[in-house]
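Working notes, beginning with the structure itself.
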Amino acid sequence: MDSQDTELSDRKFQKDLNAGISALILLIVLSRATEPMYGYQIAKFIKVEDTSIKQGTLYPVLRTLETSGLLESTVEPSVSGPPRRYYRITQAGRDTLERWIAIWQQIKFTVDSIIDGGTS
C-alpha cells in the first residue's frame, strides 16, 4: 500500500469511527450542560475538548437525535443574528446515554485488551 492509499485508508477509518461516536459525544455534552445549547455553542465546546467531530457532521446528528426523541429543541430569537435552535437532552436521551456509555466502555475495554496483547 503506497502512502496515498494509506492516507485514504486512515481518513476513511477516522471518518467511520467518528460517525459511530458523534451521537454519543453530543449526548454526553448535552447531558452535562446546565442549560440548552445551540449548535455553534456545542461545536465550540467540542473543538475546545479536541474531538474530531466536524461542524458539518454536527447538525445532521443533532437532527437525527431529535427525531429519535433523544433531544428536544426550541427556536429562540438572537440579539446578534438569526434565531437559534437550542437543544436539550430528554429523559429518553439520558436513558439511552447510560446504555451507550456501558456499550462504549465494553468496546473500549475489549480493544484496549487486544492492543495490550491480551484477549477480551
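Got at least one residue in the stretch 71-90 being of a type outside the set (Phe, Trp, Tyr) and in contact (Cβ under 8 Å) with a residue 60 or more places away in the chain? Taking every residue of the stretch 71-90 in turn, at least one turns out to be of a type outside the set (Phe, Trp, Tyr) and in contact (Cβ under 8 Å) with a residue 60 or more places away in the chain. Checked against (1) in contact with a strand residue (DSSP E or B) (Cβ under 8 Å, 6 or more places away or on another chain); (2) of a type in the set (D, E, K, R); (3) surrounded by fewer than 16 Cβ atoms within 10 Å (Cβ to Cβ), LYS47 passes all but condition (1). A search for C-beta distances below 8 Å between a residue of the stretch 1-26 that is closer than 18 Å to TRP104 by Cβ and any residue that is in a helix (DSSP H, G or I) and hydroxyl-bearing (Ser, Thr, Tyr), counting only pairs 6+ apart in sequence or on different chains, returns ASN18/THR57; ALA19/THR57; SER22/THR57; ALA23/THR64.
Given the condition under 29 Å from ARG11 (Cα atoms), in contact (Cβ under 8 Å) with a residue 24 or more places away in the chain and not in a helix (DSSP H, G or I), answer yes or no: does some residue in the stretch 32-51 qualify? Yes; the residues of the stretch 32-51 include at least one that is under 29 Å from ARG11 (Cα atoms), in contact (Cβ under 8 Å) with a residue 24 or more places away in the chain and not in a helix (DSSP H, G or I). Going by what's in this entry, would GLY69 be described as over 15 Å from the mean Cα position of the chain (by Cα), in a loop (DSSP other than H, G, I, E, B) and surrounded by 12 or more Cβ atoms within 10 Å (Cβ to Cβ)? For GLY69, the condition - over 15 Å from the mean Cα position of the chain (by Cα), in a loop (DSSP other than H, G, I, E, B) and surrounded by 12 or more Cβ atoms within 10 Å (Cβ to Cβ) - is met.
Would the stretch 45-56 turn up any residue that is modelled with pLDDT under 95, of a type in the set (Phe, Trp, Tyr) and over 13 Å from LEU30 (Cβ atoms)? The answer is no; no qualifying residue exists. Restricting ARG88, ARG94, ARG63 to those that are modelled with pLDDT of 95 or more, surrounded by 12 or more Cβ atoms within 10 Å (Cβ to Cβ), outside any helix (DSSP H, G or I) and not aliphatic (A, V, I, L, M) reduces the list to ARG88.
The values are calculated or read from the model by the stated rules, or taken from the named source; none is laboratory data. Small disclaimer: the values here were computed from a predicted structure and weren't measured. Methodologically, a virtual Cβ is constructed for each residue, glycine included, from the backbone with ideal geometry; neighbour enumeration extends over all protein chains shown.
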